[in-house]
Number of protein chains: 2
Amino acid sequence: MLVIINVTVYHRKVTTAQPATRNRGSRRAEILDAAAKLFAARGFHGVSIEDIGGAVGTSGPALYRHFSGKEALLSEMLLDVSERLHTSGTRRVTEAAGAEQALNALLSCQIEFALSHPALITVHDRELDNVPEPARRRIRRLQRLYLEEWVTVLSELYPGRSQAELRAATHAVFGLLNSTPHSAGELPPAAMAELLRGMARAALATPKG
Amino acid sequence: MLVIINVTVYHRKVTTAQPATRNRGSRRAEILDAAAKLFAARGFHGVSIEDIGGAVGTSGPALYRHFSGKEALLSEMLLDVSERLHTSGTRRVTEAAGAEQALNALLSCQIEFALSHPALITVHDRELDNVPEPARRRIRRLQRLYLEEWVTVLSELYPGRSQAELRAATHAVFGLLNSTPHSAGELPPAAMAELLRGMARAALATPKG
DNA sequence: CGGTGAAGTTAGTGATCCTTAACCCAGCGG
DNA sequence: CCGCTGGGTTAAGGATCACTAACTTCACCG
């Protein structure tokens, strides 16, 4: 005869009594947000599941109720970012009348995103190599499509410059715009947006030395 | 009575018979170089000691003959980079006649470094948070001094623009110039250098929108 | 009021990793 | 010829980590 006596005592949790009926899937978003900030600061492998749980008030493996694993979390994060950039870019470009307006629209998109989600931007161009293979291809494809969007607009605006040069110039502009995490708080957001826009336009308008 | 019989058989290693008398400290540099590439690709915590050893032909803990640990390796790597940037920047600026030439010198330094050591540049602005505390302060100090070097030159060149704006602009230019790892191979190095220089100069010369 | 499912909890497991210990070998100075 | 030192090796230890298992609570619905 086997008797198992369970003496576990569950004391009432002393949290701030969140309404248990929060928006469906709001917890997922909360986790993604906290994880993005941690990944941006210490890198994917430098952050533990326990860290992420702690950042949202739960401890540890509660995360597995919302994501199938750590890599899946990163995959979803990067897929969401590259999809948002690509689709909003495409929409704004097709709405625009002429290449000039299209470039302005692309700049607005990227600047607005970089300023309001610095952690996501940081993770987006650092951690692609840590995404497992099925999702990595999709992310890379979206990133490539987004880049080509910029290149086609630019090659209409500045004919006579090679595709390779425009691709390199676009990467450089991405680097310029995504520098926001490094200069956080130097300027108020509106001034920062204007500064970045002006610098990017000037940089793109100048071929060679 | 305790008898220990050691039956380990050491078979001759089948390597390419490197001359055992290589340059003093050349192994350290080799390890630093390999580690930089690995860190740039997968992040500090995503690379194991075994990986680094494997990349230089030795296996695993041989690394501890040259560095006191993994973090010490990273510390030395980042300290070296920030020192090289800062001192070469300072030298070239004091040699220059006038702010115009000084800015050109700073641009040359940074571009040359970014083009010839893309992995180091990548690690340098990603992994600072993984450096243990005694060294981190020194690195941050050097980075700050280097930034201020740029800002003083720029504020002489463009008076009437606030320090904060110039700091943000400098960060943006760093982001632009350090984009080289992303656009590797798009253009031949000389053309890339000229493109980056032109874009950076134009971006800096343009205040606000 | 009973059952159900979503969202937590702790305990435990196997793998990985950094680091150290113990040992080995080639080259060189005396 | 001997000992020392610099640069390797494998084995082992202790910590950490991702993930699973078992269990609990609670809101909600019939």
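The values are calculated or read from the model by the stated rules, or taken from the named source; none is laboratory data. Note that this is a predicted model, so its numbers are computed, not measured. Don't worry about glycine lacking a Cβ; one is built from the backbone with ideal geometry, like all the others, and counts go over all protein chains shown. Only protein heavy atoms, including side chains, enter the accessible area calculation; ligands, DNA and RNA are left aside. Shrake-Rupley method; radii C 1.70, N 1.55, O 1.52, S 1.80 Å.
A few remarks follow.
- Relative contact order (percent, whole number), chain A, Cα cutoff 8 Å, 6+ residue spacing: 19
- Separation between Cα centres of the range B:26-66 and the range A:180-209, rounded to whole Å: 37
- Here B:LYS70 is the anchor, and the aspartates and glutamates within straight C-alpha reach of less than 19 Å, apart from those fewer than 8 places off in the same chain, are B:GLU30, B:ASP33, B:GLU50, B:ASP51, B:ASP80, B:ASP125, B:GLU127, B:ASP129, B:GLU133.
- A dipole drawn for chain A from +1 and -1 charges on Cβ atoms has a positive end, and of A:ALA72, A:THR94, A:ASN130 the residue lying farthest that way is A:ALA72.
- For the range B:122-180, the C-alpha radius of gyration divided by 2.2 N^0.38 Å, with N the number of residues, is 1.28.
- Per-residue ³J(HN,Hα) for the range A:135-145, Karplus 6.51 cos²θ - 1.76 cosθ + 1.60, θ = phi - 60°, Hz, x for Gly and Pro: 7, 4, 4, 5, 5, 4, 4, 5, 4, 5, 4
- Among B:LEU187, B:LEU128, B:LEU85, the residue with the largest mean-square fluctuation in a Gaussian network model of chain B, with springs joining Cα atoms closer than 10 Å, is B:LEU187.
- The HN-Hα couplings worked out from phi for the range B:71-77 by the Karplus form 6.51 cos²θ - 1.76 cosθ + 1.60 (θ = phi - 60°) are 5, 4, 4, 4, 4, 4, 4 Hz, whole numbers, x standing for Gly and Pro.
- Approximate spin-label separation B:THR94-A:GLU156, in nm, with each point projected 7 Å along Cα-to-Cβ: 5.3
- Peptide B:181-194 has a mean shielding of 4, counted as Cβ atoms of other protein chains within 10 Å of each residue's Cβ.
- Calculated [θ] (222 nm, deg cm²/dmol) that DSSP helices of n ≥ 4 give over chain B, each run adding -39,500 (n - 2.57): -21000 deg cm²/dmol
- The calculated FRET efficiency for the pair A:GLU30 and B:GLU194, based on their C-beta separation and a Förster distance of 45 Å, comes to about 0.45.
- Here the 3J(HN,Hα) profile of the range A:190-206, calculated from phi with Karplus coefficients 6.51, -1.76 and 1.60 at θ = phi - 60°, is 5, 5, 4, 4, 5, 4, 5, 4, x, 5, 5, 4, 5, 4, 6, 6, 10 Hz, Gly and Pro shown as x.
- Approximate shape of chain B as ellipsoid semi-axes (Cα gyration tensor, √5λ), whole Å, largest first: 42, 18, 15
- All alpha carbon pair distances within the range A:98-209 were sorted into 5 Å bins beginning at 0; the resulting P(r) in whole percents reads 2, 11, 21, 23, 19, 14, 8, 3, 0.
- Per residue, the protein assembly as shown exposes 53 Å² of solvent-accessible protein surface, assessed with a 1.4 angstrom probe and all protein chains in place.
- The share of Cα pairs per 20 Å bin across the protein assembly as shown, counted from zero up to the longest distance, runs 22, 51, 22, 5, 0 percent.
- As a ratio to 2.2 N^0.38 Å, the alpha-carbon radius of gyration computed for the range B:30-133 takes the value 1.25.
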